[in-house]
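Notes for the one structure printed next.
The values are calculated or read from the model by the stated rules, or taken from the named source; none is laboratory data. Computed from a prediction, not measured in an experiment: that's the story for all the values here. Note: ideal-geometry Cβ built from the backbone for every residue, glycine included; neighbour counts use all protein chains shown. All accessible areas refer to the heavy atoms of the entire protein, side chains included, with ligands and DNA or RNA removed. Shrake-Rupley method; radii C 1.70, N 1.55, O 1.52, S 1.80 Å.
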Amino acid sequence: MNYKKLSIEISEWIKREVEKAKCKGVVFGLSGGLDSSVVALLCKKAFPEAHLALLLPCFTSKEDMEDANFIVEKFGLNSMTINLEPVFLEFTRILRIDPSSRELPVANIKPRLRMITLYYFANKMNYLVVGTGNKSELNMGYFTKYGDGGVDILPLGDLTKTEVYKLARTLGIPEKIIKKPPSAGLWAGQTDEEEMGIRYKDLDRIISALERKENLSKFKREKVEKILTMSRKNSHKLKPPKIFKVELG
């Protein structure tokens, strides 16, 4: 795959989708990780001026914030930092839950607060919200419904994590960002691969084999079954809400 050509095609697609929606630009969350950095550069290619990178710390690690600011400065992004920690603390106080809990329902409040913030600026500026999810995560349902899954367009949605790495290098994303362990930042020390229970390398190979309808016997059966099970279990995240149909009599 020609990743330089691909970067141009994705940027042009972003621009077309924004124009089709009669919007003026794009807004996206910048976490300091690989996927959001790639999306940031693709968005800037599409809209050199009409883009906004939002840095939305919510008990985010110091390293991630430094990396996000590094990307902003290195590539000259339009950006804004909004600290969501006070909102998170107040909301958990109202709900009477422990803000330091690692339970998923509590951790998922963070990406949902970010979604609210992204859409505030999108509505205010007549921008589209650009998501950072990739094919690997979408297949596993590894995203928060109405959190980081609440977006208008997904430019990396048909690229596996392995392909995103290759695209990142073509775009000139620094190695310090590329080599970071992928993390949704739900809590300190959390990583994608640990949370999903499978390495991206294995996940991407199996996804590719499933798409090509290849023989899966070369893979460990439990890994294949895990992917298929997670895909079925979380398929609702990729679909619109079900609607009760009234029969016309």
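For the chain, dividing the convex hull volume of the Cα atoms by the residue count gives 175 Å³ per residue. For the chain, modelled as a GNM whose springs connect Cα atoms under 10 angstrom apart, the maximal fluctuation among S61, S36, S101 occurs at S101.
Please return the longest range in the chain lying between exposed loop sites, taking chymotrypsin sites (Phe, Trp or Tyr not before Pro), DSSP loop only, at most 13 other beta-carbon atoms within 10 Å, and leaving the sites out. Of all site-free stretches, the longest is 1-145. Using the Cβ-Cβ distance between I178 and K145 with R0 = 30 Å, the FRET efficiency computed as 1/(1 + (r/R0)^6) comes to roughly 0.60.
Annotation: M1 carries an accessible surface of approximately 140 Å², with a 1.4 Å probe and no ligand, DNA or RNA atoms counted. Remark: the Cα gyration tensor places the range 113-249 in the oblate category, a/c being 1.5 or greater and a/b not exceeding b/c.
Counting only protein heavy atoms and a 1.4 Å probe, the chain has 57 square angstrom of accessible area per residue. Using a Gaussian network model on the chain with a 10 Å cutoff between Cα atoms, which of E163, E214, E49 fluctuates the most? Among E163, E214, E49, the largest GNM mean-square fluctuation belongs to E214. Between the range 34-91 and the range 203-249, the alpha-carbon centres lie 31 Å apart. Taking amide H atoms as placed 1.01 Å from N in the peptide plane, the amide H of S79 lies under 5 Å from those of A53, each 5 or more residues away in sequence or on another chain. Please compare each pair in K179/K220; K4/K24; K161/K220; K5/K45; K20/K110 to a cut-off of 22 Å on the Cα-Cα distance and tell me which ones are over it. Pairs exceeding the cut-off: K179/K220; K4/K24; K20/K110.
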